[in-house]
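First comes the structure, then the notes that go with it.
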């Protein structure tokens with residue numbers, strides 16, 4: 001009888017394989033795996049069959065044609081890779097395998113994993129919550145920029161800001177935007193701007209580059225500095241397809257540094273057009289009101305009750321004409337005053353342009369690594385320096401250091 005019960009509970013090969021498949025696919029529906037690529041076969045169907053192995057184990061894998069078309073590097077036997085996918089079971093052969101949907105070189109894979117881990121951590125803490133995002137000021141008086149002083153990004157941003165809204169002043173804190181120490185400099189610059197508290201909006205960004213080049217903007221300390229800033233921050237890092245942790249943490253994300261500059265200021269030409277339209281509207285409104293009052297006065301003038309005091313009505317009409325002329329002159333003077341003020345402020349912004357100062361005969365002295373020299377304490381005799389002028393730069397060597405004597 002006991003043997004009969006056991007036979008009744010016996011599973012077929014398909015049934016036990018199905019149970020295993022269900023368990024594996026449920027527990028390993030999304031995994032990252034790092035290993036050495038081996039046994040690569042590129043099937044005529046376009047699918048890739050290969051193995052991932054390390055010193056102790058081996059895992060079969062397949063990457064179908066619709067996924068492997070997105071791989072942008074050449075794969076070969078023996079290379080270290082990081083892949084993402086899900087564990088599945090291939091019933092005809094009774095073996096489990098990894099179905100791969102994403103493949104990266106080992107180095108980039110590690111960065112990608114670090115990116116996703118930090119992104120998940122900060123999202124859980126609420127740093128990406130839309131409710132904490134702050135609006136940008138409509139007409140900022142002073143804009144802070146945190147970027148490299150020598151890259152194309154700063155030139156593009158300054159050109160756009162001066163063209164769109166020359167009323168705003170621009171303050172630059174130069175930092176390294178890649179390599180060792182870049183994240184610390186960016187963090188410190190954000191904190192410095194918050195201590196100054198004289199800017200209404202900040203732009204943090206740089207031009208495009210590889211994942212490694214942009215990594216400073218994926219550092220946790222930079223993300224937390226952006227989140228802690230009391231000044232609204234716009235992140236403009238890389239190209240449109242680049243995404244960094246700074247983009248998620250910032251109050252606003254721009255696809256490029258140039259787009260960030262356009263985002264923080266209005267277009268002065270559009271503002272001017274609006275002012276002119278408002279002036280025309282005001283003129284029409286006043287004219288309509290004057291015509292309406294004139295018609296009322298003419299009606300009263302022709303009425304029986306006021307036919308006799310014609311002189312009084314004529315005086316009122318003259319007074320009305322004077323008021324109309326005065327109103328027109330006042331409107332024109334106000335518009336001209338605003339245009340004059342806008343021009344003056346535009347000239348002030350241009351004069352304060354950190355790059356325009358080179359046109360007046362000044363120079364910028366920096367070390368070979370690009371760091372600006374602000375004190376004689378930064379150089380020694382024999383150091384090589386670069387002197388940047390308005391039309392190029394020269395390289396020279398320090399022959400003597402003369403500190404300023406403090407009396």
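Using only Cα atoms, locate the centre of region 340-392 and the centre of region 50-122, then give the distance between them in Å, rounded to an integer.
The distance from the Cα centre of region 340-392 to that of region 50-122 comes to 50 Å.
Taking 8 Å as the Cα distance limit and 6 or more residues as the minimum spacing, I'd like the relative contact order of the chain as a percentage. Write down the numbers at each step before the final one.
Numbers: 608 pairs, mean separation 41.2, N = 407.
This gives 10 percent for the chain.
Between helix 152-164 and the chain, what is the angle of the helix's C-alpha long axis to the longest principal axis, kept within 0 to 90° and rounded to the nearest 10?
That helix lies at roughly 30 degrees to the long axis.
So if I restrict to the alpha-carbon atoms in region 1-125, what is the Rg, and what is Dmax, the biggest pairwise distance, in Å?
Looking at region 1-125, its Cα Rg and Dmax stand at 18.5, 63 Å.
If neighbour count is taken as other Cβ atoms inside 10 Å, put 33, 401, 13 in order from fewest to most. Walk me through the intermediate numbers first.
Numbers: 33 18, 401 12, 13 9.
Going from least to most buried by this count: 13, 401, 33.
What is the helix-to-structure angle for 106-125, meaning the angle in degrees between its Cα long axis and the longest Cα principal axis of the chain, kept from 0 to 90 and rounded to the nearest 10?
Taking the Cα atoms of the chain, the angle to 106-125 is about 60 degrees.
For an R0 of 51 angstrom, estimate the FRET efficiency from the Cβ-Cβ distance between residue 13 and residue 163 and round to the nearest 0.05. Don't skip to the end; give the middle numbers.
Working: r = 74 Å, r/R0 = 1.44.
The computed FRET efficiency comes out at 0.10.
Per q in 0.16 1/Å, what log10 I(q)/I(0) does a Debye calculation on the alpha-carbon atoms of region 113-183 return?
Values returned for q = 0.16 Å⁻¹ are -0.86.
Hey, quick one: spin label on residue 25, modelled 7 Å out along Cα-Cβ, who in region 56-94 has an amide N within reach, i.e. under 12 Å?
86-91
Please state the Cα pair-distance histogram of region 268-351 with 5 angstrom bins from zero: what percent is in each bin?
3, 12, 16, 16, 12, 10, 9, 7, 6, 4, 3, 2, 1, 0
Applying a 10 Å radius around every beta-carbon, put 245-252, 313-320, 111-118 in order of their mean neighbour count, most first. If you can, show how the numbers build up before the last one.
Details: 245-252: 23.5, 313-320: 12.9, 111-118: 15.0.
Those peptides, ordered most packed to least, come out 245-252, 111-118, 313-320.
I need the calculated FRET efficiency for the pair residue 339 and residue 198, taking r as the beta carbon distance and R₀ as 25 Å, to the nearest 0.05.
Working: r = 27 Å, r/R0 = 1.08.
Working from the Cβ atoms, E equals 0.40.
What distance in nm separates the two pseudo spin-label positions at residue 330 and residue 284, each 7 Å out from Cα along the beta-carbon direction?
2.2
How far is helix 182-196 tilted, in degrees, relative to the longest principal axis of the Cα atoms in the chain, given as a value from 0 to 90 rounded to the nearest 10?
Long axis of 182-196 versus the principal axis of the chain: about 30 degrees.
If the viscosity is 1.306 mPa s and the temperature 10 °C, what Stokes-Einstein diffusion coefficient in µm²/s follows for the chain when Rh is the Kirkwood radius over Cα pairs? Kindly include the intermediate steps, with their values, before the conclusion.
Working: Rh = 28.2 Å.
It diffuses with D of about 56 µm²/s by this estimate.
Taken together, the values in this text are just the output of simple stated rules run on the coordinates, not laboratory data. Because the structure is a prediction, the values reported are computed rather than measured. When we count neighbours, we look across all protein chains shown, and the Cβ atoms used for this are built from the backbone with ideal geometry, even at glycine.
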